[in-house]
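All remarks here apply to the structure that follows.
The values are calculated or read from the model by the stated rules, or taken from the named source; none is laboratory data. Here the structure is a predicted model, which is why all the values come from computation and not from measurement. Don't worry about glycine lacking a Cβ; one is built from the backbone with ideal geometry, like all the others, and counts go over all protein chains shown.
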């Protein structure tokens, strides 16, 4: 299996670190953690991202959903929203953009990560 590149967009450093460690423990995955829109857009511009795990409530001027939509103009890749409040992303948002795959509860457990990767990579 070729190495898959996972982009974690997370403004809480410890959460990003924990998710990254869980992903890397699964084997052939490379993770990059970003916490702002500029770094997100730069990573997407590399066109090397296979999946985005996007925090919904970012500590910036736009939500994770808005940032994800903005990023699709640069690189089309599957996006999974990760949040402490799954109801914060209505089903209609997922239906309007093909790349928006699902919303999952934070923090991610290893079993859920495996399930997501099996489904979207």
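Some notes on this structure:
- Which numbered condition residue 16 misses (of (1) closer than 18 Å to residue 110 by Cα; (2) free of Cβ contacts under 8 Å to residues at least 24 places away in the same chain; (3) outside any helix (DSSP H, G or I)): (3)
- Candidates 27, 38: the one that is without any contact (Cβ under 8 Å) to a residue 40 or more places away in the chain and assigned to a loop (DSSP other than H, G, I, E, B) is 27.
- Number of the condition not met by residue 100 [criteria: (1) exposed (fewer than 15 other Cβ atoms within 10 Å of the Cβ); (2) in contact with a strand residue (DSSP E or B) (Cβ under 7 Å, 6 or more places away or on another chain)]: (1)
- Among the residues of region 56-77, the one identified as closer than 19 Å to residue 116 by Cβ and loosely packed, with under 15 Cβ neighbours inside 10 Å is 76.
- Under the condition of being over 20 Å from residue 6 (Cβ atoms) and touching a helix residue (DSSP H, G or I) at 6+ places or on another chain (Cβ under 8 Å), the residues counted in region 62-109 number 2.
- For region 1-11, a residue qualifies if it is modelled with pLDDT of 95 or more and either touching a helix residue (DSSP H, G or I) at 6+ places or on another chain (Cβ under 8 Å) or farther than 15 Å from residue 52 by Cβ (or both), and the qualifying residues are 4, 6, 7, 8, 9, 10.
- Any hit, region 47-60, residues being without any contact (Cβ under 8 Å) to a residue 12 or more places away in the chain and over 12 Å from residue 8 (Cα atoms): no
One line per residue, one yes/no per condition, for (1) at pLDDT 95 or above; (2) outside any helix (DSSP H, G or I):
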position: 21; (1), (2): yes, no
position: 31; (1), (2): yes, yes
position: 43; (1), (2): yes, no
position: 48; (1), (2): no, yes
position: 54; (1), (2): yes, yes
position: 59; (1), (2): no, yes
position: 80; (1), (2): yes, yes
position: 92; (1), (2): no, no
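- Number of the exception - residue 74 against (1) in contact (Cβ under 8 Å) with a residue 12 or more places away in the chain; (2) closer than 21 Å to residue 49 by Cα; (3) under 15 Å from the mean Cα position of the chain (by Cα): (3)
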